[in-house]
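See below for the structure under consideration.
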Amino acid sequence: MPFGLLQQTLDERAEQGLRRRRRTLASPQSPNIVVDGKPYLSFCSNDYLGLAAHPGLIAALQQGAAQWGVGAGAAHLVSGHFEPHHQLEQQLAAFVGKPEALLFSTGYMANIGIVQALAGKGDTVFADKLNHASLNDAMQLSRAHVQRYRHNDLAQLAQQLERSDSVRKLIITDAVFSMEGDLARLPELLALCERHDAWLLVDDAHGFGVLGEQGRGTLSHFDIRSPRIVYMATLGKAAGVFGAFVAAESTVIETLVNHARSYVYTTATPPALAVVLQDSLRLIAQGEALRVHLRALIKKLRTGLSDLPWPLMLSDTAIQPLLIGDSKQALALSEGLRERGLWVAAIRPPTVPQGTARLRITLSAAHTETDVEKLIGALHDLAR
Ligand SMILES: *Cc1c(COP(=O)(O)O)cnc(C)c1O
């Protein structure tokens, strides 16, 4: 029976402490959530600015639905491209300093579509080993030749570029690494691109809205710009809503419209979401106080956890992973926190490399100083 084999694989995963299960929330996303009838203080959403349940955005969604309905009804190239989509694309392009932008339904789909449209057989994709799963899947699906370099090891990447005889070369990287919280060395990556005539795809899922002037993202943080950079960011994290976009030169965008299969062959996101996202973008631009508060919380957490038996990974961002190592121990700690009313996800292989299971603590501007103090206290408690 094929079910027997499936069950066996699931059981093996469970034995290794790697089986995943979902928890159902009975409240909106926020630091204070209700799960299985119990309240928890949560440190595991990517809602970095606390916009996911913002009253102004809820009102904008209601108004957007009243004006535009609930569904797009077709793909963008058929009859699903609405005025709010178009306006949002123009605003996003201006915000991140690129000539044009294109909305995708999700970040996962954006990455799949971009890599497949920009690289194929005979081309080479160069990728950081700790890139997000969507970039990894994207390069495999593209059928291009793949070269992976050690995390942030640009000497190794330079060698790979040197030896490559592909005409089209594409470097792909997370800007803020999703499970580590550290940054890609974008200025040096861009310099390598210039030297080797390569493209640079930057996935800023965790930088957009959080880093850079007015939250314009990691390119602004490093103050770099180049037509070689294809910038991608998601709209379901700091922006608090759903979706993703790519910003690039017009020729690149035109290429995506024509060749990115995950753009062409899918229903457009509801135009009402594009209405909300325009307001979300305004909140991001005006959200300096939120970012200042978030940075203060990050500092407080790092100071407070510096004497634990487990090291915090080197990160200045809202992603603050505590490196545990063993999957079962990470799971046990996550469970211990839960018993104390705190929700922190244990991230295990295959999401992260073997032997590097971690508690992925994420902070949000919606947290208070007291929230962070509670987490610091509970972790010290568990360390004893
Ligand atoms: C979350 C994430 C994605 C996927 O974005 P979705 O909109 O959730 O599909 C892509 N890349 C990175 C680095 C991410 O963290």
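Accessible area ranking (1.4 Å probe, heavy atoms, ligands and nucleic acids excluded), largest first, for Tyr108, Tyr40: Tyr108, Tyr40. For each pair in Lys237/Lys374; Lys38/Lys237; Lys169/Lys299; Lys98/Lys169, compute the distance between the two Cα atoms and list the pairs where it is over 27 Å. Result: Lys169/Lys299 exceed 27 Å. Remark: the stretch 43-159 carries 42 Å² of accessible area per residue (probe radius 1.4 Å; ligands, DNA and RNA excluded).
Across Glu339, Glu188, the residue with the most accessible area heads the list, and the full order at a 1.4 Å probe is Glu339, Glu188. With a 1.4 Å probe and all protein chains left in place, how much of the accessible area of the stretch 46-157 comes from carbon and sulfur atoms, in whole percent? Exposed carbon and sulfur together represent 55 percent of the surface. Here, the stretch 31-169 has an Rg and a Dmax of 20.4, 59 Å when only alpha carbons are counted.
Each Cα pair under 8 Å and six or more residues apart adds its separation to the average, and for the chain the resulting relative contact order is 22 percent.
Protein heavy-atom accessible surface, 1.4 Å probe, per residue over the stretch 230-319: 41 Å². Taking all protein chains together, Ser334, Ser79 sort by accessible area into Ser79, Ser334, largest first [probe 1.4 Å]. The C-alpha atoms of the chain occupy a region whose extents along the principal axes are 58, 54, 54 Å, arranged from largest to smallest. For the chain, the share of DSSP beta bridges that are antiparallel, to the nearest 5, is 55%. Here the Kirkwood formula puts the hydrodynamic radius of the stretch 114-225 at 14.0 Å, using every distinct Cα pair. Here the mean projected area of the convex hull built on the C-alpha positions of the stretch 233-303 is 6.6 nm².
Taking the 1.4 Å solvent-accessible surface of the stretch 332-384 as the whole, the part contributed by carbon and sulfur is 51%. With Cα atoms defining each centre, the stretch 70-135 and the stretch 149-192 are spaced 21 Å apart in the structure. Taking max minus min of the alpha-carbon positions on each principal axis, the stretch 164-227 gives extents of 38, 24, 14 Å, largest first.
With springs connecting C-alpha atoms under 10 Å apart, model the chain as a Gaussian network and identify which of Arg168, Arg228, Arg19 has the largest mean-square fluctuation. Fluctuation is largest for Arg19. Glu288: net charge of surrounding residues, Cβ under 14 Å, Lys/Arg +1, Asp/Glu -1, itself excluded? So the surrounding residues net to +3. Computed 3J(HN,Hα) for the stretch 371-384, one whole-Hz value per residue from the Karplus formula 6.51 cos²θ - 1.76 cosθ + 1.60 where θ = phi - 60°, is 4, 5, 4, 4, 5, 4, x, 5, 5, 5, 4, 5, 6, 7, glycine and proline marked x.
If the chain linking Val264 and Arg163 were pulled fully straight, counting 0.36 nm for each residue of separation and taking away their Cα-Cα distance, it would gain 32.9 nm.
Across the alpha-carbon set of the stretch 202-322, the Rg to Rh ratio works out to 1.05, Rh being the Kirkwood radius. Seen from Lys121, the other residues with C-beta closer than 11 Å to its C-beta sum to a net charge of +1, counting Lys and Arg as +1 and Asp and Glu as -1. Mean-square fluctuations from a GNM of the chain, with a 10 angstrom spring cutoff on Cα atoms, peak among Leu135, Leu154, Leu256 at Leu154. With the whole protein complex present, Phe242 retains an accessible surface near 100 Å², based on a 1.4 Å probe. Using a Gaussian network model of the chain in which every pair of alpha carbons under 10 angstrom is joined by a spring, one finds that among Ala133, Ala318, Ala93 the greatest mean-square fluctuation is at Ala133.
The values are calculated or read from the model by the stated rules, or taken from the named source; none is laboratory data. Nothing here was measured: the structure is a model prediction, and the numbers come from that model. In this analysis, Cβ positions are derived from the backbone assuming ideal geometry, glycine residues included, and neighbour counts consider all displayed protein chains. The accessibility values were calculated without ligands, DNA or RNA, using every heavy atom of the protein model including side chains. Shrake-Rupley method; radii C 1.70, N 1.55, O 1.52, S 1.80 Å.
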